[in-house]
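A quick write-up on the structure given underneath.
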Ligand SMILES: *Cc1c(COP(=O)(O)O)cnc(C)c1O
């Protein structure tokens, strides 16, 4: 484009005030806050100027500018955090928000958030109370612990417990347990940030009680066990049980802590799943402190729960870091309501979405898959391939590392677009549908599709196919 043309176009660029005036007469902008509108107009005009200078723009008018501005305003006014459909079959999907809350938890958030509450007021004395009171008794009842508290998340719980119990001392850990959880949580790094010195013992596959015993010096402050959440060591292995370690700790007066990651309050082996460590077992084995996550297998809000002996918990509460990691009242409300359900295991498994999805039988996935298949067939053409295939769902969230859950999925191979293009279009729809591709088929796994979402999936698919 000749320079003169560029100059002509630049000269014709409207001013912000002119466009604001135009927008004022346009219904599309009636509900757009002025600040958003001004910002959008500026951006559109800036982009236009850049495009002209780069020779990419050959002509425009007010209508074109308004059209771009309207699209930008729509984007700016749409929420950023949006709900979506998880059809991946990964129950505790970290990128998709991990655990879904049960309805009691949601209701309690509403109740507690919309009124003043006794968050830190002891109603019997009229004096200041502790926010942990809302959940402490429940946690103790469900785990057998003497005392308990909750903080922002389990990473925070580990940091806090280590800092309180073992700052400036050596923490003895088996080499087989120096795990990385993902999202940059690595046990050795957390240890350093807690002000502790890591004393590795044993080997990757085998650690014996004598390894811990030989590591004890005057500087030893803590024995730490970490649950190997997201992997398994198999074959020629040996590890020291928490009970043995607790006994050793007692003889040397060294506290023992276990980070369970996703500890559970329900024995999953009763539901045909492998046993995951029960918090009550760790407490009974004699751990001074046990830490676990609120939104892994517990199926509650993001939180870190610290349970154990009263003396240790009292010390942790008194740590100034506790304030920096404190649990907020909405989380506390959700956590209390979720924990209450665990008093009746049948109720917990029936009402807590994470537990319901994990214990969903293969037969139930077959029924759901059949419903979904029918809906999808109705919106597809005979040339699209729709099949039922038996695959595996994954628990996710660093729980049950080696476990897969048998599931029946709906597999789609569209005739007129690629599987990758289908995945992309579904992901870019509103609401977004997130699913996986396996063997060049688009796979919808019913395990994590919530009741009622089947029709959202089929109508989204219908819309996408209609545009081809
Ligand atoms: C997941 C996990 C953590 C971190 O828990 P968050 O709740 O994600 O902060 C810490 N330790 C172990 C062993 C874990 O599995």
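The values are calculated or read from the model by the stated rules, or taken from the named source; none is laboratory data. Worth saying up front: this structure is predicted, and the values here are computed from it rather than measured. Quick reminder, even Gly has a Cβ in these numbers, built from the backbone with ideal geometry, and neighbours come from all protein chains shown.
Observations
- Scan of region 85-135 for residues that are within 30 Å of residue 455 (Cβ to Cβ), in contact (Cβ under 8 Å) with a residue 12 or more places away in the chain, more than 14 Å from the chain's Cα centre (by Cα) and surrounded by fewer than 21 Cβ atoms within 10 Å (Cβ to Cβ), ordered by number: 103, 104, 106, 107, 109
- When we screen 23, 40, 54 for residues that are without any contact (Cβ under 8 Å) to a residue 12 or more places away in the chain and either under 12 Å from residue 70 (Cα atoms) or over 37 Å from the mean Cα position of the chain (by Cα) (or both), the only hit is 54.
- Looking across region 225-242, the residues that are surrounded by 14 or more Cβ atoms within 10 Å (Cβ to Cβ) and closer than 17 Å to residue 281 by Cβ come down to 225, 226, 227, 228, 229, 239, 240, 242.
- Residue that is nearest to residue 98 (Cα to Cα) [pool: residues in region 283-297 that are under 17 Å from the mean Cα position of the chain (by Cα) and part of a strand (DSSP E or B)]: 293
- So residue 286, is it away from the ligand (no atom under 16 Å from the Cβ) and not assigned by TED's automatic domain parsing to the domain that holds residue 397: yes
- Residue in region 267-275 that is under 22 Å from the mean Cα position of the chain (by Cα), within 12 Å of the ligand (Cβ to nearest atom) and in contact (Cβ under 8 Å) with a residue 12 or more places away in the chain present: no
- Flag for residue 443 being outside any helix (DSSP H, G or I) and either touching a strand residue (DSSP E or B) at 6+ places or on another chain (Cβ under 7 Å) or more than 16 Å from residue 407 (Cβ to Cβ) (or both): yes
- Residue in region 227-259 that is nearest to the chain's Cα centre (by Cα), counting only those that are modelled with pLDDT of 95 or more and within 11 Å of the ligand (Cβ to nearest atom): 259
- Some residue of region 34-54 being in a loop (DSSP other than H, G, I, E, B) and at pLDDT below 95: yes
- Flag if residue 222 is in a strand (DSSP E or B) and over 28 Å from the mean Cα position of the chain (by Cα): yes
- Which listed residue is at pLDDT below 95, touching a strand residue (DSSP E or B) at 6+ places or on another chain (Cβ under 8 Å) and within 11 Å of the ligand (Cβ to nearest atom), from 304, 263: 263
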